[in-house]
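Before any comments, here is the structure.
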Protein chains: 2
Amino acid sequence: MTRWRLIVEYDGGPFMGWQRQDHGPSVQQTLEEALRRMTGEQAVFTAAGRTDAGVHALAMSSHVDIGCELTRHRLREGLNALVRPSPISVLEVTQVADDWHARFSCVGRRYLYRILNRRAPPALDAGRVWHIAVPLDAETMREGAAHLVGRHDFTTFRSAQCQSDSPVKTLDRLEVSRIGEEIHVAAAARSFLHHQVRSMVGCLAMVGRGQWQVDDIRRALDARDRAALGFNAPPHGLYFVEAIYP
Amino acid sequence: MTRWRLIVEYDGGPFMGWQRQDHGPSVQQTLEEALRRMTGEQAVFTAAGRTDAGVHALAMSSHVDIGCELTRHRLREGLNALVRPSPISVLEVTQVADDWHARFSCVGRRYLYRILNRRAPPALDAGRVWHIAVPLDAETMREGAAHLVGRHDFTTFRSAQCQSDSPVKTLDRLEVSRIGEEIHVAAAARSFLHHQVRSMVGCLAMVGRGQWQVDDIRRALDARDRAALGFNAPPHGLYFVEAIYP
C-alpha cells in the first residue's frame, strides 16, 4: 500500500460537505467513486477538515492508501478526468509516509470568509460570497475580531453537533480587511470548533452593521453560551484555504 | 421620457451575448422583460459593447428611455429583483442627458482576458477562465502583445461577421501579466473589431506555448488575412471591464 497526499480544490455548492453523507453527494464520496472506477479499490479519503455543506476549498489536504502501482501524474489526471462534471480538482499529489495523516498530522488550518458589501447582488460571484447590502464598518469589525484572538472557551461559537473534546481553542489570527467591494475575514488556528468561523463572522457582521457594539463580542464570548450568539454566516462565503503540516 | 444609464455586471454563461437573439436568451432581452414587468413599457436597452455568447461583463454601460417616473433606487432594486434568477446585476443607475448614448458616446473600452495556467482544471473558476494546462511563457506573450499595440489594419483579427466600417483600429493597450496561477491580458481601445480580443489572445497563447514565435504575431498582422490567424480564445475567459465616457 502507498499513502498519497492530495491537495484538492472544490466548489462546495453541490455537496453536503467533504464527508460522506447518506442524504446527498459529498466531496469524499465523489473522489472515492472516481478512484474505484480507476483502480477497482474501495479506499477511504481522509481530509484535514470536514467542511460543511456549501463551504468551498481552495486547497484541502487529504490522504488515501492505494494498493495498485500508480504515478503521481496518473493519479492526479485520472481522478480529475473521472470526477467530472463535479466541481472538484486535484491540484497536487505526493507520496507520503505511512504514518502521515491529513487530519492528525495537521498543525494549522486557515480559512477565508468573503463578504460582498455593496448594494447590488453578485452576478459573477453568486454562490461565492455572502452578500450584505447595507454598508459595514470594517474598522469596528476589526476591533471586534481582536477580542476573539487568543486562547478562549469558544462554547458560544460552537454548534450543538460539535464533536471536539474541548471548547477551548487558540485562535491565532482573525483579520478583517476591505478589498474593493469585499470584506475578507482571514482566520487561522491549529483547529476550529464546528461552525466556529461562520459563527464568528456572523457576529462580526452584526458589529459591522452597528446592531452590536464591539464589546458585545467580548460579552458573547464570556457568556460561554450558544444562546448568546448572533447567527451563523452562510456557508457559501467560506473557503478552506490551507492545511499546514510540520 | 427620461434617459437612464445603467452599469451592469453579468455572467455570460447562460446568454447568447448582450444583444437580443432569436435562438436563445440574451442580457438585453432579460433586462427588457424585467423592465416591462416593472413599468409595462417596451423599452430598448443599448450597450457600449455587444459581447459574444459566453463573454462576461464586470461593468457594462447601457442606456434606456423610460416614460414613467422612477427613482434611481427603485429602478435598480426593481430590475435586480425581476431579473432573478438570471446572473445579471444592475450596479449603478444614473439619469443622463437625452443625447447621451451608451455606444456612440463611448470613447474607450477595456477588456480583461483570464487564463488559468496550471496542470489541474479549475473547480471554483470553471466557466470563468480559459484553462491551459501546459506552461505558458508570459514574457514572450508580452513581447508578442507589444507588436499589436498602436494603429493597425486588424483584418487578421476580425470575424467574418464583423460589421465595423473599417478594419483599422488603434489598440491603446495590450498588457500581459502573470498573477499567481493566472495570466491576465488587459486590452484597451476606443473600439474593437468583432472577435478582436479573443483572436489576439488566441495568438498570444500560441506564442506562450512556443508554437508560434514572437515574430509570427507581426507576420499574422501584416498578412491582413483571417487565414493567417491561429484561433480564437474561448469566450468564457473574457470580461468586458469598463466603458469610458468624456
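The values are calculated or read from the model by the stated rules, or taken from the named source; none is laboratory data. Everything numeric here is computed off the predicted structure, so don't read it as measured data. Quick reminder, even Gly has a Cβ in these numbers, built from the backbone with ideal geometry, and neighbours come from all protein chains shown.
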The residue that is nearest to the other protein chains (Cβ to nearest Cβ), considering only those in region B:49-108 that are out of contact with any strand residue (DSSP E or B) (no Cβ under 7 Å at 6 or more places or on another chain) and of a type in the set (Lys, Arg), is B:ARG84
State which residue pairs qualify: first residue part of a loop (DSSP other than H, G, I, E, B) and inside region B:98-115, second residue surrounded by 18 or more Cβ atoms within 10 Å (Cβ to Cβ) and aliphatic (A, V, I, L, M) in any location, beta carbons under 6 Å apart, and separation of 6 or more residues or different chains.
B:ALA102/B:ALA47; B:ALA102/B:ALA48; B:ARG103/B:ALA48; B:CYS106/B:ALA48; B:CYS106/B:ALA243
Got at least one residue in region B:195-210 being under 15 Å from the mean Cα position of the chain (by Cα), buried (at least 19 other Cβ atoms within 10 Å of the Cβ), at pLDDT 95 or above and within 14 Å of chain A (Cβ to nearest Cβ)?
no
What single numbered condition from (1) within 14 Å of chain A (Cβ to nearest Cβ); (2) within 16 Å of B:VAL8 (Cβ to Cβ); (3) free of Cβ contacts under 8 Å to residues at least 60 places away in the same chain fails to hold for B:ALA43?
(1)
Some residue of region A:1-18 being in contact with an Asp or Glu (Cβ under 6 Å, 6 or more places away or on another chain), more than 14 Å from every other protein chain (Cβ to nearest Cβ) and in a loop (DSSP other than H, G, I, E, B):
yes
What are the residues in region B:21-42 that are buried (at least 16 other Cβ atoms within 10 Å of the Cβ) and of a type in the set (D, E, K, R), if any?
B:GLU32
Being closer than 18 Å to A:ALA102 by Cα and surrounded by fewer than 18 Cβ atoms within 10 Å (Cβ to Cβ) is the filter here, so list the residues in region A:1-18 that pass it.
A:MET1, A:THR2, A:ARG3
I'd like to check something: does region A:156-171 contain any residue that is under 14 Å from the mean Cα position of the chain (by Cα) and among the basic types (Lys, Arg)?
no
Among residues of region B:34-57 being assigned to a loop (DSSP other than H, G, I, E, B) and touching a Phe, Trp or Tyr at 6+ places or on another chain (Cβ under 7 Å), the residue modelled with the lowest pLDDT is B:ARG50
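Look at B:SER177 and say whether it is more than 21 Å from B:VAL129 (Cα to Cα), surrounded by fewer than 16 Cβ atoms within 10 Å (Cβ to Cβ) and assigned by TED's automatic domain parsing to the domain that holds B:PRO122. Step through it out loud before you land on a result.
On the way: more than 21 Å from B:VAL129 (Cα to Cα): no; surrounded by fewer than 16 Cβ atoms within 10 Å (Cβ to Cβ): yes; assigned by TED's automatic domain parsing to the domain that holds B:PRO122: yes.
In short, no.
Filter region A:211-234 down to residues that are among the small types (Gly, Ala, Ser) and under 18 Å from A:ILE115 (Cβ atoms) and give me whichever is nearest to the chain's Cα centre (by Cα). Steps first, answer last, please.
So the first thing to find is which residues in region A:211-234 are among the small types (Gly, Ala, Ser), and the list is A:220, A:223, A:227-228, A:230, A:233.
So of that shortlist, the ones also under 18 Å from A:ILE115 (Cβ atoms) come out as A:230, A:233.
On the way: A:GLY230: 20, A:ALA233: 13 Å.
Only one residue fits best here, namely A:ALA233.
Determine, yes or no, whether B:HIS63 is more than 24 Å from B:HIS236 (Cβ to Cβ) and assigned to a strand (DSSP E or B). Steps first, please.
On the way: more than 24 Å from B:HIS236 (Cβ to Cβ): yes; assigned to a strand (DSSP E or B): yes.
For B:HIS63, the condition - more than 24 Å from B:HIS236 (Cβ to Cβ) and assigned to a strand (DSSP E or B) - is met.
Report yes if B:ARG224 is surrounded by fewer than 17 Cβ atoms within 10 Å (Cβ to Cβ), in contact with a strand residue (DSSP E or B) (Cβ under 8 Å, 6 or more places away or on another chain) and farther than 30 Å from B:ARG5 by Cα, otherwise no. Walk me through how you get there before you give the answer.
Details: surrounded by fewer than 17 Cβ atoms within 10 Å (Cβ to Cβ): yes; in contact with a strand residue (DSSP E or B) (Cβ under 8 Å, 6 or more places away or on another chain): yes; farther than 30 Å from B:ARG5 by Cα: yes.
Considered against the rule, which asks whether it is surrounded by fewer than 17 Cβ atoms within 10 Å (Cβ to Cβ), in contact with a strand residue (DSSP E or B) (Cβ under 8 Å, 6 or more places away or on another chain) and farther than 30 Å from B:ARG5 by Cα, B:ARG224 comes out as yes.
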Residues B:ALA138, B:ALA145, B:ALA120, B:ALA160: which one is within 14 Å of chain A (Cβ to nearest Cβ) and among the hydrophobic types (A, V, I, L, M, F, W, C)?
B:ALA120
Given the conditions (1) crowded, with 20+ Cβ neighbours inside 10 Å; (2) touching a residue at least 40 places away in the same chain (Cβ under 8 Å); (3) touching a helix residue (DSSP H, G or I) at 6+ places or on another chain (Cβ under 8 Å), report the number of the one that A:LYS169 does not fulfil.
(2)
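Against the definition (touching a Gly at 6+ places or on another chain (Cβ under 6 Å), in contact (Cβ under 8 Å) with a residue 40 or more places away in the chain and either among the charged types (D, E, K, R) or more than 14 Å from chain B (Cβ to nearest Cβ) (or both)), how does A:MET38 come out, yes or no?
On the way: touching a Gly at 6+ places or on another chain (Cβ under 6 Å): yes; in contact (Cβ under 8 Å) with a residue 40 or more places away in the chain: yes; either among the charged types (D, E, K, R) or more than 14 Å from chain B (Cβ to nearest Cβ) (or both): yes.
Considered against the rule, which asks whether it is touching a Gly at 6+ places or on another chain (Cβ under 6 Å), in contact (Cβ under 8 Å) with a residue 40 or more places away in the chain and either among the charged types (D, E, K, R) or more than 14 Å from chain B (Cβ to nearest Cβ) (or both), A:MET38 comes out as yes.
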Would you call A:LEU31 assigned to a strand (DSSP E or B) and within 14 Å of another protein chain (Cβ to nearest Cβ)?
no
Does at least one position in region A:78-86 carry a residue that is assigned to a loop (DSSP other than H, G, I, E, B), over 20 Å from the mean Cα position of the chain (by Cα), more than 20 Å from B:GLY127 (Cα to Cα) and at pLDDT 95 or above?
no
